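Nothing in this text is a laboratory measurement; each read-out follows from the coordinates by a stated rule. Bear in mind the structure is a predicted one, so any value in this text is a computation, not a measurement. When we count neighbours, we look across all protein chains shown, and the Cβ atoms used for this are built from the backbone with ideal geometry, even at glycine.
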Amino acid sequence: MTNKEFINGLANGKSDIIQKLLDILSDNDIHYCVIGGLAVNAYVEPVVSLDLDIVVAIKDVDKLKSIVSTIFKIKEFPYSINLYSQDSDIRIQIQTDERYQTYVERTYERDVLGYKMQVASLEDVLMGKIWAYLDKNRRRSKRQKDLADIFRIIESYPELDKLLPEKIGNLFYMH
């Protein structure tokens, strides 16, 4: 079983919507990068997630929405656009918070669970996780996952601990 088959099996996938979306992005020259837990998986030992969080260059957002509107159900929120498919339980979230826009300029093509995709730089992935953890409006369970992802990164790249706010650094170094 390939990694793609594993992920699609977990997601009850009738079709590979991750590959569909990646093909749409590539075929239409839409600049993007993967962030969130899947991006963490590009740099450290992977943990399974059914979330695909991406940033699309602001100039390409309307173009992408127009193209995917026949394939996905689109629901817009203040800082994200969520794409849903009846063919899979994968949750696709396009982050529209402008803080993430510069991430698209610093991407690396990585193989993540069998998919070739543009992934934000390690430092940007870490910063995104820090912002998510510090967001008091997020569910506690999501914030705990963000904290675990931060710790996974710092354990593999201890030199990045200098990027941690004191509050998070203190949690990491508690015994």
request  = Taking the Cβ of Asn12 as the centre, find all other residues whose Cβ is under 10 Å away and add up their charges (Lys, Arg: +1; Asp, Glu: -1).
outcome  = -1
Rough spin-label spacing in nm, given labels placed 7 Å along Cα→Cβ, for Ser141 and Ser69 = 3.4 nm
ask   = So, counting K/R as plus one and D/E as minus one, what does the shell of residues with Cβ under 13 Å around Thr102 add up to?
value = -3
Close Lys-Lys pairs in the stretch 66-175, where close means Cα under 25 Å and separation is 8 or more or interchain = 19
message = Could you identify which residue out of Asn137, Asn41, Asn28 has the top mean-square fluctuation in a GNM of the chain using Cα springs shorter than 10 Å?
response = Asn137
ask   = Rounded to the nearest 5, what is the percent of antiparallel bridges among the DSSP beta bridges in the chain?
value = 75 percent
remark   = Note to self, the chain gives a 222 nm [θ] from helices alone (DSSP H runs n ≥ 4, -39500 (n - 2.57) apiece, / all residues, nearest 500) of -11500 deg cm²/dmol
ask   = Relative contact order for the stretch 3-172 using alpha-carbon pairs under 8 Å, separation at least 6, rounded to a whole percent?
value = 23 percent
